[in-house]
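Worksheet for the structure shown next.
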Amino acid sequence: MRLDLNLLVVIEAIMLERNVTRAAASLSMSQPAVSNALRRARRLTQDQLFLKVADGVQPTSRMLAIWPDLHRSLAVIRASIAPERFDPRTDSTGFRIAVTDSLAAEVVRDIALKLRDMSPHARVAFSPHTNASSLEAIERGTLDCAVGMFPSLPRDIHVQGLRTDRYVCVMQSGHTLAAEIDLDQFVAASHVLVTPSGMDLGVVDGWLSLRGRTRTITVVVNHFADALRIVAESDLLTCVPSGFLGSGDARALVEKQGLVIRELPFETEKLIYKLIWHERLHIHPAHQWFRSLVVGTCAIPEGTTMADTALQGPDEARYSRTPPHL
């Protein structure tokens, strides 16, 4: 049986895009040419491979079964024939990355500008992040790497630690708990929960459950910046990673509103930010280079610091540093 590898590339593009028109655009092919290739692939595999749905196509069970090996094999072929000497000044690889909200305000701009400066022909696309959605996208092949916390990972996912952080409690300066807060007061107060997934429980709630305690969640938002804006004009509390408060917009809001930052009134674990990527891209020269750029941008250099939790107002802004977790 003669196999046209171009058919596999078309199948891969359709699987990634879940839309024939978008797949054609990504391959710089006409839609009729992609449709014709799909018909040939269907004859070859004796399966429909993709079924039409309202917003595009969805894979058949046979397509889902062959996808991991197909995608991995094409990645190996691409890596094998890629130039051994990678030159970022002339390379035009496109990179796809997701960055957790608590770091995005600090690092997305820097990643984009560094890439533009060091590899002017390359392209980067940032995606919304949750641990589950980013991991699924990396395994599916629609995302190249992601920065998040990822408490557990499959064996075919590579990981590199970037930095550690801790959660702190934030409230307006006139709050009744601004001077001092204990665990009973903490759980009795009303809170703004930040969760990109929209779930009603977060990391802090998991820690509280180990102590048999629960807090009152009044508002759920997707972004830490929104939580700070709500807290600045209400009697609500919110918990955010300390490092987020050192990013430009967050730091300006803290100083302008005189927000009070306090340690959580119970012991917690460290937050560990990680960069993850799939085995299929592990030895790809362009992606190795891009990941090093991301690591250099996200990791905290030794001797620098994240926002100090004793920050109480614009005249008392102090910053401490947490070393990177490598």
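The values are calculated or read from the model by the stated rules, or taken from the named source; none is laboratory data. Just so it is clear, the model here is predicted, and its values are computed rather than measured. All Cβ positions, even for glycine, are placed from backbone atoms using ideal geometry, and neighbour counts span all protein chains on display.
Of all the numbered requirements in (1) surrounded by 15 or more Cβ atoms within 10 Å (Cβ to Cβ); (2) among the aliphatic types (A, V, I, L, M); (3) assigned to a helix (DSSP H, G or I), MET29 misses one, and that requirement is (3). Can you find a residue in segment 122-134 that is out of contact with any helix residue (DSSP H, G or I) (no Cβ under 8 Å at 6 or more places or on another chain), of a type in the set (S, T, N, Q) and assigned by TED's automatic domain parsing to the domain that holds ASN36? No, that holds for no residue.
Of all residues in segment 268-283, none are over 26 Å from GLY161 (Cβ atoms), modelled with pLDDT under 95 and surrounded by 15 or more Cβ atoms within 10 Å (Cβ to Cβ). Within segment 235-248, no residue satisfies the criterion of being within 25 Å of GLU106 (Cα to Cα), part of a loop (DSSP other than H, G, I, E, B) and out of contact with any helix residue (DSSP H, G or I) (no Cβ under 9 Å at 6 or more places or on another chain).
Checking each residue in segment 40-54 for being part of a helix (DSSP H, G or I) and within 36 Å of the chain's Cα centre (by Cα) picks out ALA41, ARG42, THR45. Within the set ALA65, ALA122, ALA79, the sole residue that is over 15 Å from the mean Cα position of the chain (by Cα) and without any contact (Cβ under 8 Å) to a residue 24 or more places away in the chain turns out to be ALA65.
Inspect all residues belonging to segment 310-320 and state whether any of them is of a type in the set (S, T, N, Q), within 18 Å of ASP165 (Cβ to Cβ), at pLDDT below 50 and touching a Gly at 6+ places or on another chain (Cβ under 8 Å). No: segment 310-320 contains no residue that is of a type in the set (S, T, N, Q), within 18 Å of ASP165 (Cβ to Cβ), at pLDDT below 50 and touching a Gly at 6+ places or on another chain (Cβ under 8 Å). Among the residues of segment 181-192, write down those that are surrounded by fewer than 20 Cβ atoms within 10 Å (Cβ to Cβ) and touching a residue at least 24 places away in the same chain (Cβ under 8 Å). Answer for segment 181-192, where residues must be surrounded by fewer than 20 Cβ atoms within 10 Å (Cβ to Cβ) and touching a residue at least 24 places away in the same chain (Cβ under 8 Å): ASP182, LEU183, GLN185, VAL187, ALA188, ALA189, SER190.
Output the residues belonging to segment 120-141 that are touching a strand residue (DSSP E or B) at 6+ places or on another chain (Cβ under 9 Å) and either in a loop (DSSP other than H, G, I, E, B) or on the phi > 0 side of the Ramachandran plot (or both). If the condition is that a residue be touching a strand residue (DSSP E or B) at 6+ places or on another chain (Cβ under 9 Å) and either in a loop (DSSP other than H, G, I, E, B) or on the phi > 0 side of the Ramachandran plot (or both), then ALA122, PRO128, HIS129, THR130, GLY141 are the ones that fit. Selection within segment 111-146: residues that are touching a Ser or Thr at 6+ places or on another chain (Cβ under 6 Å) and at pLDDT 95 or above. The member of this set that is surrounded by the fewest Cβ atoms within 10 Å (Cβ to Cβ) is ILE111. Among the residues making up segment 1-26, those that are outside any loop (DSSP other than H, G, I, E, B) and either small (Gly, Ala, Ser) or more than 16 Å from ARG39 (Cα to Cα) (or both) are ALA13, LEU16, GLU17, ARG22, ALA23, ALA24, ALA25, SER26.
Any residue that is at positive phi and either touching an Asp or Glu at 6+ places or on another chain (Cβ under 9 Å) or not assigned by TED's automatic domain parsing to the domain that holds HIS284 (or both) - is there at least one of those in segment 167-180? Checking segment 167-180: not a single residue is at positive phi and either touching an Asp or Glu at 6+ places or on another chain (Cβ under 9 Å) or not assigned by TED's automatic domain parsing to the domain that holds HIS284 (or both). Within segment 208-231, is even one residue over 24 Å from ARG109 (Cα atoms), surrounded by fewer than 20 Cβ atoms within 10 Å (Cβ to Cβ), out of contact with any Gly (no Cβ under 7 Å at 6 or more places or on another chain) and touching a residue at least 60 places away in the same chain (Cβ under 8 Å)? No, the conditions are met nowhere in segment 208-231. Filter segment 147-159 down to residues that are within 20 Å of LEU293 (Cα to Cα) and under 14 Å from the mean Cα position of the chain (by Cα) and give me whichever is surrounded by the fewest Cβ atoms within 10 Å (Cβ to Cβ). Top of the filtered list is VAL159.
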